[in-house]
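Structure record follows, encoded as structure tokens.
The values are calculated or read from the model by the stated rules, or taken from the named source; none is laboratory data. Model, not experiment: these values are computed from the prediction. Here the Cβ positions follow ideal geometry from the backbone for every residue, glycine too, while neighbour counts run over all protein chains shown.
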Amino acid sequence: MIQQQLLQRIEQKSAVIGIVGLGYVGLPLMLRFAEVGYKVLGFDIDADKVTALTEGRSYIEHIRAESIRQARDRGFEATTDFSRAGEADTLILCVPTPLNKYREPDLSFVLDTMDSLVPYLREGHLVSLESTTYPGTTDEELLPRIESRGLKVGENAFLVFSPEREDPGNPDFTTRTIPKVCGGYSPACQEVGVALYSAVIDKVVPVSSTRAAEMTKLLENIHRAVNIGLVNEMKIVADRMGIDIHEVIRAAATKPFGFVPYYPGPGLGGHCIPIDPFYLTWKAREYGVNTRFIELAGEVNSSMPDYVVSKVAAALNDRRKAINGSRILVLGIAYKKNVDDMRESPSVMLMEKLRDLGAEIAYSDPHVPVFPKMREHHFDLSSVPVTAETLAGYDCVLLATDHDRFDYALIKAHAQLIVDSRGKYLEPAGHIVKA
Ligand SMILES: NC(=O)c1ccc[n+]([C@@H]2O[C@H](COP(=O)([O-])OP(=O)(O)OC[C@H]3O[C@@H](n4cnc5c(N)ncnc54)[C@H](O)[C@@H]3O)[C@@H](O)[C@H]2O)c1
């Protein structure tokens, strides 16, 4: 009965969609629900974000303020007031899942969010967790909290895990066109979850449990982390052998089956790939299993900034210079090209390592005009314009993130020395060193 009422509200678009956590994941999801005609109520603990959204401003580069304003005109509201959770029919949790300093899962954001919502849970609520996490989180952590309100999940309240998939900066996919996996605590939960997401996403992929859905997301990200680790190791081997790894990848990618190209770089970045695999590592210990591929990929990938620094040192050494005292311009500090996201960016590690060795560091990034406040890193710097004069003034230009907006011909023409960690410069040149 309660399930039927909720299904009907979803179908008739009279359901109010509550989204908790309005960041890189929650905000695009809000836009999509608003676009198809749902009233969306967004919750966040960050009052600045709520104010920005209420005023129709965006704080994410690839999300236009115009779309926020359109959503607002269609009834979207943002609030820090969790007591309004009862107004929503669904509570979709899109909050961070980082690692703590021991590289263990930090579920505090998910649990704090749930604890803030519990007093306002009511019959007919659907809770969906989208944050990446280890198998078991939804059933072991969220279910008991929801039932502590006297609700019975699967009967008068519903619980699913549906991982977010996003490729920031990739124009080929939108929230609507990326298939969405969804696993419910029970068949009734599953039915409601699939109905909800099918209303806004072209293809919903049901799986048999919340655990299978949680594991699916981890497999996807571990697959990337391991293959990037592999190609980073291949880069080091190829370099020692005098072979250009990028030429090799391009050639291998012509194989029409059985090969997927991955590209080496200065390390892993972003909120997902460097972090999520270790959620599984941690949980697997409970079952007496070691996740050796994950550990090894982590080891290789996290050693890449040191590899790049060693290339900078060798290149300067060839010119009778030391890192100590050299002026080094780091190009691209976002973690990947064409985005403004700095989370876990290896460029920041490069900047710190070079600064600690005595270099005078500057950076240029068309997507990051001012070095942002970060929890563990600080540089009081603004982006330097890339001109013939500025380029010529640095002992070394380190290409860390290959944004499309850089003028690579200008850089090649005027930099004294380029250390290229992205394989952007294919033709050999005396002043270009691959790293
Ligand atoms: N960014 C991506 O590309 C991506 C892709 C797939 C999955 N994910 C996963 O999605 C989840 C969210 O990531 P994100 O990139 O959107 O993070 P984010 O930091 O951009 O956004 C999280 C938002 O949650 C808010 N928040 C924090 N604690 C809260 C609380 N207790 N109550 C309400 N709001 C709270 C923050 O203020 C922030 O606005 C993570 O688990 C991440 O692994 C991210």
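Within segment 120-144, being away from the ligand (no atom under 13 Å from the Cβ) and closer than 15 Å to TYR185 by Cβ holds for LEU121, HIS125, LEU126, VAL127, PRO135, GLY136, ASP139, GLU140, GLU141, LEU142, LEU143, PRO144. Residues in segment 348-385 that are in contact with a Lys or Arg (Cβ under 9 Å, 6 or more places away or on another chain) and in contact (Cβ under 8 Å) with a residue 40 or more places away in the chain were compared, and the one that is surrounded by the fewest Cβ atoms within 10 Å (Cβ to Cβ) is PRO366.
The set of residues in segment 104-131 being under 22 Å from GLU286 (Cα atoms), in contact (Cβ under 8 Å) with a residue 40 or more places away in the chain and more than 17 Å from the chain's Cα centre (by Cα) consists of GLU104 alone.
Filtering segment 159-187 to residues that are crowded, with 18+ Cβ neighbours inside 10 Å and more than 16 Å from the ligand (Cβ to nearest atom) leaves LEU159, GLY184, TYR185. I'm checking my understanding of the structure. Among residues of segment 110-119 that are among the hydrophobic types (A, V, I, L, M, F, W, C) and farther than 12 Å from GLU141 by Cα, which one is nearest to the ligand (Cβ to nearest atom)? The selected residue is LEU117.
Condition first: among the hydrophobic types (A, V, I, L, M, F, W, C) and farther than 21 Å from TYR38 by Cβ. Can you find one or more residues in segment 79-92 that meet it? Scanning segment 79-92, I find no residue that is among the hydrophobic types (A, V, I, L, M, F, W, C) and farther than 21 Å from TYR38 by Cβ, so the answer is no. Report whether or not THR216 is more than 17 Å from the chain's Cα centre (by Cα) and either more than 24 Å from GLY423 (Cβ to Cβ) or acidic (Asp, Glu) (or both). No: the conditions fail for THR216. Checked against the criterion of being touching a Leu at 6+ places or on another chain (Cβ under 9 Å), outside the structural domain of TYR263 (by TED's automatic domain parsing) and touching a residue at least 40 places away in the same chain (Cβ under 8 Å), the candidates SER345, SER326 yield just one match: SER326. None of ILE63, ILE92, ILE45 is in contact with a strand residue (DSSP E or B) (Cβ under 6 Å, 6 or more places away or on another chain), closer than 19 Å to HIS271 by Cβ, within 16 Å of the ligand (Cβ to nearest atom) and not in a helix (DSSP H, G or I) except ILE92.
Where helices (runs of 4 or more DSSP H) fall wholly inside segment 343-435, the ranges with 1 or more residues that are under 30 Å from PRO98 (Cβ atoms) are 346-356. Looking across segment 262-285 at every residue that is touching a residue at least 12 places away in the same chain (Cβ under 8 Å) and not in a loop (DSSP other than H, G, I, E, B), the one that is nearest to the ligand (Cβ to nearest atom) is identified as TYR279.
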